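Q: Pasting a structure here, questions to come.
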């Protein structure tokens, strides 16, 4: 693309516009800069609220994909790519799912997580190749993330995902964008110009993070990864998570911490299983069968198996 064409294209983007409220930011004191930034950040939640219907559509598709053995795939460049990788990497410890269930890809590969990779985002073919490398299938949901909505890497990936029949979702921060036109579902929270012109890791990045949080968290809740508002499928992989697991068991079952730890040992550190054992009096094998019958939903399994009288 010619430089003049790119300049004209960027000029048309809301995310690249100058913010009239921060023209004098270079003359402000520290406190004034922070107040200006905070005022801009306050706009983000409203922008995300405006696109909740589109986010809900995406969540429904992700839930269907998970139930049919599909995956959620994020891909993007720069900050957008890093946010996708971050959200994906949090799913295994938070929800006890395999690393392959939610996957994050960034233009330029893992090195790009810490270092800028010149031109990585400009290669449309790389978006396709990265998705081919993980064997993207029609059962998957592919979410292309790009604040501008015009990143070639993301465009190429979404076009390929459409070709093979995957569900495609575009996450951008401009009201009209190339990736929104390509994807089956377009999520476009418009947060307006940044406090520092073009620094889209600010409001736009925050909006993207909020949306990604919603996509995974709501989808995981829908497939039974919570009990009430507690994480019950977390992976007990360190001291903090072990303590959290004990607290959850005490909270739900009303047992002592010592009993909670005993249930966890008997359940092989499977928090959901330990809770069902504590609530019903079943042993590990019976509780496991009850959870399977309830498709992994703890509340349903507990309701179906009232506590055994002692």
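Q: Set the Förster distance to 30 Å, then compute FRET efficiency between residue 134 and residue 295 from the Cβ-Cβ distance, nearest 0.05. Numbers along the way, then the final one.
A: On the way: r = 27 Å, r/R0 = 0.89.
E between residue 134 and residue 295, to the nearest 0.05, is 0.65.
Q: Let's test the formula: R0 of 30 Å, r as the Cβ-Cβ distance of residue 60 and residue 283. What FRET efficiency results, to the nearest 0.05?
A: That pair, residue 60 with residue 283, gives E of 0.25.
Q: Compute the helix-to-body angle for 271-280: its Cα long axis versus the longest principal axis of the chain, expressed 0 to 90° and rounded to tens.
A: That works out to roughly 40 degrees.
Q: Separate question: If one takes the longest principal axis of the Cα atoms in the chain, at what angle in degrees, from 0 to 90 and to the nearest 10, does the Cα axis of helix 239-253 lie?
A: The angle comes out near 60 degrees.
Q: Calculate how steeply helix 78-95 sits against the longest principal axis of the alpha-carbon atoms of the chain, using the helix alpha-carbon long axis, and give the answer as 0 to 90 degrees to the nearest 10.
A: The helix 78-95 is inclined about 0 degrees to the chain.
Q: Give or take rounding to whole Å, what are the principal axis extents of the alpha carbon atoms in region 226-304, in descending order?
A: Answer, in whole Å and largest first: 31, 21, 20 Å.
Q: Can you compute the equivalent ellipsoid semi-axes for the chain, i.e. the square root of 5 times each eigenvalue of the Cα gyration tensor, sorted largest first and rounded to whole Å?
A: 42, 23, 16
Q: Here's another thing I want to ask about it. Could you put 235, 204 in order, starting from the residue whose Cβ has the fewest other Cβ atoms within 10 Å? Write out the running numbers ahead of the final one.
A: Details: 235 17, 204 29.
Ordered by Cβ neighbours within 10 Å, fewest first: 235, 204.
Q: To continue, here is another question. Arrange the following residues from fewest to most other Cβ atoms within 10 Å of their Cβ: 23, 182, 73, 33. If you can, show how the numbers build up before the last one.
A: Details: 23 10, 182 20, 73 26, 33 16.
Ranking 23, 182, 73, 33 by Cβ neighbours within 10 Å, fewest first, gives 23, 33, 182, 73.
Q: Could you please rank 115, 305, placing first whichever residue has the fewest other Cβ atoms within 10 Å of its Cβ?
A: Going from sparsest to densest Cβ surroundings: 115, 305.
Every number in this text was worked out from the coordinates using simple rules, so none of it is lab data. Keep in mind it's a predicted model, so treat the numbers as computed, not measured. Cβ coordinates were reconstructed from backbone atoms using ideal geometry, including for glycine residues, and neighbour counts include every protein chain displayed.
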